[in-house]
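The values are calculated or read from the model by the stated rules, or taken from the named source; none is laboratory data. None of the values given here were measured: they were computed from a predicted structure. Methodologically, a virtual Cβ is constructed for each residue, glycine included, from the backbone with ideal geometry; neighbour enumeration extends over all protein chains shown. Heads up: the accessible areas ignore ligands, DNA and RNA and are worked out on the full protein's heavy atoms, side chains in. Shrake-Rupley method; radii C 1.70, N 1.55, O 1.52, S 1.80 Å.
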Amino acid sequence: MPLDHENVIYLDNNATTRVAPEVVETMLPYLSNYYGNPSSMHNFGGQVGAALKDARASVAELIGAAPEEIVFTSCGTESDSTAILSALCTFPEKRHIVTTRVEHPAVKSLCENLDTLTGRKHRITWLPVESDGTLDLEQFRQSLTEDTAIVSVMWANNETGVIFPVEEMAQIAHDHGVLFHTDAVQAVGKVPINLKETAIDFLSLSGHKLHAPKGIGVLYVKKGTPYVPFLNGGHQENGRRGGTENVASIIGLGKACQMAAANMEEENTRVKALRDKLEKGLLENIPKALLNGHKDKRLPNTANISFEYVEGEAILLHMNQLNICASSGSACTSGSLEPSHVLRAMGVPFTAAHGSIRFSLSVYNTEQEVDFVIEKMPSIIANLRALSPFWEEE
Ligand SMILES: *Cc1c(COP(=O)(O)O)cnc(C)c1O
C-alpha cells in the first residue's frame, strides 16, 4: 500500500508540507469549471481574475504588505533569483553582494554562478555565523560598501530554524543606500511578519512550505523599490512577471495564507510545545545528542539534533522503517557525503555534523506521534553506535 499522511509520522515540514485539504477544496473548481484566462476580456476569464485578486489580498495580509506589492512566481527559487538579478540589472556598475554562509541553495548557488550567468565579475561577501548559527551585526555593517548592489539574508534557516534579525539588517542596509532581500520561505506562516514597518525591499516565499501546492511562489517588491523583471513576456503581474498565471495554485496559496494567519497562534504554542517535548525527550534519553542552533532565536517547529558517531543517512533509514519522515542536513545536500554547509559554517565537529537529523513539525502533528518518536529513537541510535568503530561506551 502506498504511504499517505494516515500512515506516516511526517516530521519533514521544512522540506515540504501537506497541502491542506481546505486548500485543495478551494483549488478544484479552477482546475475544472473555471478555466478562463484571467487576462481575457470576457466575463468567463474575468471572474478568474477576480478570484486572483482576492488571493493576492490574502497573501499580502499575511505579511503586512499591500496587494500591489505581491508578484506571483513559480517557486521560492525563482523569487530569490528575481530579486538578486533585478538589483544587479538596476545597478549594473555595482558588483558586490552581501549574503551569508548558511543560505538555501536557491541563493547560495545563484551567487556562486553569477559570473557565468552574467558574463561579469562579482564579489560576494559570505558572512560567517557563530557556533549557535547567529550573525554578527557589526561584521555585517562593515561589509557594506559603495559597490554593494544588494544584501540577501534569509529570515529563518531551513536546516536549524535559526532566525536572523532581518528587519534590523534591512535598516542598516538602507542607511548605507543598499537594497535588502530576504528569503523568508521558512519564516512565513511560522513567525509574524509585518513588512509595512520594515525597510525590506524584497521578500521571497513559497507555497509548498505553508500547506499550499508546490510550484507557486511569491516575490514581495516594496512600493518604490527599483525592479527589473526576470521573466519577460505578457503583461501579467502588472508587467513584473510574464507568463499566464498558475491560477489554481495562486488561489490555493491565498487560502493557505488565510489559514496560516489563523494558525499562527497554534504554531507558536501547541506546535512549539510538541517540538520542545521532542527535543527534550531526545536530548535527555540519548547520550551525546546535541542541539544545533540557538535555543530561542529559532522557528517554533524546527529541531536539528546531532547524534555523535553515527551517520545521518543510517539513522534516516531506520526511522524510515518505522515510517517516520525527517531529513539529515538539507534535502538538497543529503545524498552527498559532504556534511551540510550550514552545520560546517557553525563549526559543528565532523563527528556530530554527520549524524545530524532535522525534525520539522506542523499543525498536523500530534502528541502521540512525538511520544512514539521519543520512544523509538534511543534504540535506533544505540544499535547504530554498537556497529560504529568510533563509538566507545563510556
Ligand atoms: C524550500 C526553500 C526554498 C526553495 O523554494 P522552492 O519553492 O522549493 O523553490 C528557498 N529557500 C528556503 C529557505 C527554503 O526552505
Do you know which of the residues in region 154-166 that are within 11 Å of the ligand (Cβ to nearest atom) and of a type in the set (A, V, I, L, M) is nearest to A303 (Cα to Cα)?
A156
Of all residues in region 110-136, count the ones that are touching an Asp or Glu at 6+ places or on another chain (Cβ under 7 Å) and of a type in the set (A, V, I, L, M).
1
Somewhere in region 225-237, is a residue open to solvent by 10 Å² or more (accessible area, probe 1.4 Å), acidic (D, E) and in contact (Cβ under 8 Å) with a residue 24 or more places away in the chain?
yes
For region 16-46, what are the residues that are closer than 22 Å to L210 by Cβ, of a type outside the set (F, W, Y) and open to solvent by 30 Å² or more (accessible area, probe 1.4 Å)?
R18, V19, P21, E22, V24, E25, T26, L28, P29, L31
Picking from T77, T125, T116, the residue that is surrounded by fewer than 21 Cβ atoms within 10 Å (Cβ to Cβ), under 18 Å from the mean Cα position of the chain (by Cα) and modelled with pLDDT of 95 or more would be T77
Residues satisfying the stated conditions in region 277-296, i.e. open to solvent by 50 Å² or more (accessible area, probe 1.4 Å) and in a helix (DSSP H, G or I):
K277, K280, L283, E284, N285
Does A87 satisfy the criteria of being within 26 Å of N263 (Cβ to Cβ) and buried (at least 19 other Cβ atoms within 10 Å of the Cβ)?
no
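Considering only region 193-213, state which residues are within 12 Å of the ligand (Cβ to nearest atom) and not charged (D, E, K, R).
The answer is L203, S204, L205, S206, G207, H208, L210, A212, P213.
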Quick check, is L135 surrounded by 14 or more Cβ atoms within 10 Å (Cβ to Cβ) and in a helix (DSSP H, G or I)?
no
State all residues of region 84-127 that are more than 12 Å from the ligand (Cβ to nearest atom), in contact (Cβ under 8 Å) with a residue 40 or more places away in the chain and of a type in the set (G, A, S); if no residue qualifies, say none.
S86, A87
Qualifying residues in region 193-224 (those that are open to solvent by 50 Å² or more (accessible area, probe 1.4 Å) and assigned to a loop (DSSP other than H, G, I, E, B)) - the one nearest to A260 (Cα to Cα):
N194
Of the residues in region 47-61, how many are open to solvent by less than 20 Å² (accessible area, probe 1.4 Å) and either free of Cβ contacts under 8 Å to residues at least 60 places away in the same chain or in contact with a strand residue (DSSP E or B) (Cβ under 7 Å, 6 or more places away or on another chain) (or both)?
2
What residue, among those in region 179-192 that are within 21 Å of H96 (Cβ to Cβ) and away from the ligand (no atom under 11 Å from the Cβ), is surrounded by the most Cβ atoms within 10 Å (Cβ to Cβ)?
H181
N365 passes all but one of the listed conditions (1) open to solvent by 20 Å² or more (accessible area, probe 1.4 Å); (2) in a loop (DSSP other than H, G, I, E, B); the exception is number (1)
Take the conditions of a type outside the set (A, V, I, L, M, F, W, C), out of contact with any Lys or Arg (no Cβ under 6 Å at 6 or more places or on another chain), open to solvent by less than 40 Å² (accessible area, probe 1.4 Å) and more than 17 Å from S74 (Cα to Cα) and apply them to T160. Does it pass?
yes
Could you list all residues from region 238-263 that are open to solvent by 30 Å² or more (accessible area, probe 1.4 Å) and either part of a helix (DSSP H, G or I) or at pLDDT below 95 (or both)?
N238, G239, K255, Q258, M259, A261, A262, N263
